[in-house]
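Engineer: Structure incoming, see below.
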Amino acid sequence: MHRWSELFIPTLREAPADAEVASHKLLVRAGYIRQLGAGIYSFLFLGNRSTQKIMRIVREEMDKIGQEFYLPALNPREIWEASGRWTVMGDNMFRLKDRKGADLCLGMTHEEVMTDIARKELRSYKQLPQIWYQIQTKFRDEPRPKSGLLRVRQFIMKDAYSFDIDAAGLDLSYQKHHDTYCRIFDRCGLKYMVIDAHSGAMGGSQSQEFMVRTPAGEDLVVSCEKCNYAANMEKAVSKLAPVEDLKTEGDGQPLEVHTPGQKTIEDVARFLGVSPKNKIKTLAMMITEEEDANTGAKSGKTRQRAVVLLMRGDHQMNEAKLSTAVGGKETRPMQEEEILALFRSPAGYLGPLGIEWAKDLKDAGKPILLVDKALEGRTNLIGGANKEDYHVKHLTPGKTFHPTAYADLRAVTAGEDCPNCGAPLRIDTAVEIGHIFKLGYKYSESMNARVLDRNGKEVAPIMGSYGIGIERILTAAVEQSNDENGFWLPPSIAPFEVVVVSTNSKDEGIRTASEDITRQLEAAGFDVLLDDRDERPGVKFKDADLVGIPFRVNVGKKVTEGTVEVVRRSTLAREDIKISAITEYFQQLRPAAR
RNA sequence: CGGGACGUAGCGCAGCCUGGUAGCGCACUUGCUUGGGGUGCAAGGGGUCGCGAGUUCAAAUCUCGCCGUCCCGACCA
């Protein structure tokens, strides 16, 4: 029997001053966690019980599709060199040396170790498909740990990896994970969304994130009010209302207009009496690329290359989309001298005319002109003339200037139309609790994993990787259900399902009834916490409301009538229940999924 | 890494400007009291004032350096 009087459950009246988000404040106040350093947390009794329950659910579901491994967190440098990520991971990877001076690191993720096993062991297509998973501690030296458990430097992740002989097999493994993740998060009682995610620079073909809406979230999610369209901001698209182009004046040739001192889109639009929608916004960026990227040689030399973006005047650029458009390279804004060197004009009057742009992305050396898709087909736009105090009319993409490429560079804004059904889109912040990813051949190729296919030909297996943040499930659940007095977890992941409050531990009748009820419920398989402390009822009620247990049984004066009070933490609704019927009462509440 | 704030008892804070033997609330210990929403009274225990230098007869307080934590930004497989 779990007696509160004998347990260590250090609840606090006040949250630590440096806690900002609700889950952080409440998990500390409820005695689940304590901070050890920036982004490093200890889990105490209640916190550990909750994460253990989460891991049990994850295991039960993952065991239906895969096999559990346990890989080392301590990794030698060599396998990370093999995949090329020893350098790529940069400062985000914790690195150390052993006594001989050999380089080691702490694993941030385990594609390398899993692929190492695959390349040493897998020989034939007959051994495929394989799904291997583990529940393991990950280490990431985050530039900025924050928000309690939401962004930390050490955390537990369930990570899984699939190996298939072909793309069709990967589709199947991917779908299995999708379905399994839905079951896991359903069982954990979370309200989540599955959204299309940015595949990033890794060349993956498909990727989805499992997100929980919360103001504490760091990701932006675009979703439809009506249909099930949902995507990460980095990938989301929307339907735009049609825009009326300006009428052609005279012969329609580019026409310079004097716009003294008018630099911003708004100023120029107002000055010329047009809408910003008829204006071109010119953004000047730079990328770093390898000098011989196209020749295949690897000198390691890099050079800077200009990338100029044209957007509709009232649109905002999304950096993740830009990064995708330039092949996953990092971009940075041009500096003043660089702008003058390319445009021969100060910022505020930039435009596409008079510069020889690259014909396509492979056209090395020349500056790249990327035009947002929202400008494709538009005519008679107004942009900068590359001349101080002048803008130019009659700009028509493909006619008066030639883009290197059209690309989707635009950030969706709330209220725009859903690409599927046309209903308004909303934008929310959310926390990522899971991510499934079709990796393709990146690791099997770079690390040289090979199997023989049906025809005796050596081929690389195709891979997928799939992650769940264990602590983030707890954090998201707290974010999802809390008030100023505390939080309530779904019964499946709460440290206890029921707290039995003995309202007066000095009263013999109340005390024995509390113990009897606790024993009864435990015999029926419930996790029960008995609050038998010699405290006033008010103290116990406050603590019970705080610590995340979804149901409470108040054992009070009515025991003489054979009755106790059951309180649901979520609604604070209370009802009197006969002690003789208490087990049955909770059994009826218990979800079948359990 | 850039900008900002903070560091005094387990938690929340005052004291610092104007240097002079460290204080409040909660929590904790003991006794009494109370017993359905953090009871009340009384008596106690607990702090190298983040660390190190410097100024001074004297530093929590002034100066310099370092460390740590949080927030905004950059970053984020």
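What follows is calculated from the coordinates using simple rules that are stated; it is not laboratory data. Quick caveat: nothing in here was measured; it's all calculated off a predicted structure. Note that we place each Cβ from the backbone using ideal geometry, even for glycine, and neighbour counts take in every protein chain shown.
Engineer: For the range A:115-247, list log₁₀ I(q)/I(0) at each q in 0.15, 0.20 Å⁻¹, using the Debye formula over Cα point scatterers of equal strength and ignoring solvent, two decimals each.
Structural biologist: So the normalised log intensities are -1.00, -1.48.
Engineer: Listing A:His402, A:His435 from the residue with the fewest other Cβ atoms within 10 Å to the one with the most, what is the order?
Structural biologist: By the 10 Å Cβ count, ascending: A:His402, A:His435.
Engineer: Non-local amide H neighbours of A:Met317 (under 5 Å, H modeled in plane, Pro and chain starts lacking H): which ones?
Structural biologist: When sequence neighbours closer than 5 places are left aside, the close amide H contacts are A:Ala411.
Engineer: Exposure proxy check: A:Glu535, A:Glu81, A:Glu479 ranked by fewest other beta carbons within 10 Å?
Structural biologist: A:Glu81, A:Glu535, A:Glu479
Engineer: Quick one: which residues, 5+ away or cross-chain, put their amide H under 5 Å from the amide H of A:Gly548? H built at 1.01 Å from N.
Structural biologist: It is A:Phe487, by chain and number.
Engineer: Using the Karplus curve 6.51 cos²θ - 1.76 cosθ + 1.60 with θ = phi - 60°, work out ³J(HN,Hα) for each residue of the range A:51-62 in order, rounded to whole Hz, and write x for Gly and Pro.
Structural biologist: 5, 5, 5, 4, 5, 5, 5, 4, 4, 4, 6, 5
Engineer: Around A:Ala573, with a cut-off of 13 angstrom between Cβ atoms, what is the net charge of the other residues, counting Lys and Arg +1 and Asp and Glu -1?
Structural biologist: Result for the local shell: +1.
Engineer: Among A:Val412, A:Val500, what is the fewest-to-most ranking by other Cβ atoms within 10 Å?
Structural biologist: A:Val412, A:Val500
Engineer: Which FRET efficiency, nearest 0.05, do A:Ala414 and A:Thr264 yield, Cβ-Cβ r, R0 30 Å?
Structural biologist: After rounding, the FRET efficiency stands at 0.85.
Engineer: Oh, and also: Take the alpha carbon atoms of chain A, find their radius of gyration, then divide it by 2.2 N^0.38 Å using N residues; give the quotient.
Structural biologist: Relative to the 2.2 N^0.38 Å estimate, chain A comes out at 1.20.
Engineer: Turning to a different aspect of this structure: Whole-Hz ³J(HN,Hα) for each residue in the range A:531-544, computed from phi via Karplus 6.51 cos²θ - 1.76 cosθ + 1.60 with θ = phi - 60°, x for glycine and proline: what do you get?
Structural biologist: 8, 9, 5, 7, 10, 6, x, x, 4, 5, 5, 4, 5, 4
Engineer: Next question. I need the phi-derived Karplus couplings for the range A:152-157: 6.51 cos²θ - 1.76 cosθ + 1.60, θ = phi - 60°, integer Hz, Gly and Pro marked x.
Structural biologist: With coefficients 6.51, -1.76 and 1.60, one gets 10, 9, 9, 7, 9, 10 Hz.
Engineer: Hey, can you grab everything whose amide H is under 5 Å from the amide H of A:Lys138? Only 5+ residues off in sequence or another chain; H modelled, so Pro and N-termini drop out.
Structural biologist: Placed amide hydrogens put A:Phe155, A:Ile156, A:Met157 under 5 Å from A:Lys138.
Engineer: Rounded to the nearest 20 Debye, what is the dipole magnitude of chain A about its Cα centre when Lys and Arg each give +1 and Asp and Glu each give -1 at the C-beta?
Structural biologist: Taking the Cα centre of chain A as origin, the dipole is about 560 debye.
Engineer: A further question follows. Determine by what factor the alpha-carbon radius of gyration of the range A:67-110 differs from 2.2 N^0.38 Å, reporting the quotient.
Structural biologist: Expressed relative to 2.2 N^0.38 Å, the Cα Rg reads 1.18.
Engineer: Largest first and in whole Å, what are the equivalent-ellipsoid semi-axes of the range A:24-168 based on the Cα gyration tensor, each being the root of 5 times an eigenvalue?
Structural biologist: 30, 23, 12
Engineer: Further question: Could you compute Rg(Cα) / (2.2 N^0.38 Å) for the range A:343-414, with N its residue count?
Structural biologist: It is 1.15.
Engineer: Something else now. Just the Kirkwood number for the range A:282-430, please: inverse of mean 1/r across all distinct Cα pairs, in Å, one decimal.
Structural biologist: Kirkwood radius, the range A:282-430: 16.6 Å.
Engineer: In addition: What is the gain in length, in nm to one decimal, between A:Glu256 and A:Asp483 on full extension, counting 0.36 nm per residue of separation less the C-alpha to C-alpha distance?
Structural biologist: 75.7 nm
Engineer: So how much slack lies between A:Asn448 and A:Met1, counting 0.36 nm per residue of separation and subtracting their Cα-Cα distance, in nm?
Structural biologist: 155.5 nm
Engineer: Using the 4.7 Å Cβ rule, please list in number order the cysteines from chain A without any candidate partner.
Structural biologist: If one checks each Cβ against the other cysteines of chain A, A:Cys105, A:Cys182, A:Cys188 turn up with nothing under 4.7 Å.
Engineer: Additional query: Say each of A:Glu330 and A:Asp576 gets a label point 7 Å from the Cα, pointing the same way as Cα to Cβ; how far apart are those two points in nm?
Structural biologist: 6.9
Engineer: Further question on the same structure: From a point 7 Å beyond the Cα of A:Leu104 in the direction of its Cβ, which residues of the range A:65-79 have a backbone N at a distance under 11 Å?
Structural biologist: A:73-77
Engineer: As a test of the formula, what do you get for chain A when each DSSP H run with n ≥ 4 contributes -39,500 (n - 2.57) and the sum is divided by the residue count, at 222 nm and rounded to the nearest 500 deg cm²/dmol?
Structural biologist: The helix-only estimate for chain A comes to -7000 deg cm²/dmol at 222 nm.
Engineer: For labels at A:Lys146 and A:Glu20 in the simple 7 Å Cα→Cβ model, what's the distance in nm?
Structural biologist: 0.5
Engineer: Out of the range A:476-571, which trypsin sites (Lys or Arg not before Pro) are coil in DSSP terms and have no more than 13 other C-beta atoms within 10 Å?
Structural biologist: A:Lys506
Engineer: Over chain A, what is the percentage of antiparallel beta bridges among all DSSP beta bridges, to the nearest 5?
Structural biologist: 80
Engineer: If eta is 1.002 mPa s and T is 20 °C, what Stokes-Einstein diffusion coefficient results for the range A:370-487, Kirkwood Rh from Cα pairs, in µm²/s?
Structural biologist: 103
Engineer: Sticking with this one: Which FRET efficiency value, to the nearest 0.05, is calculated for A:Arg303 and A:Thr11 with the Förster distance at 51 angstrom and r the Cβ-Cβ distance?
Structural biologist: Here the calculated transfer efficiency is 0.30.
Engineer: For the range A:449-527, state the average projected area of the convex hull of the C-alpha atoms over all orientations, rounded to one decimal in nm².
Structural biologist: 10.5
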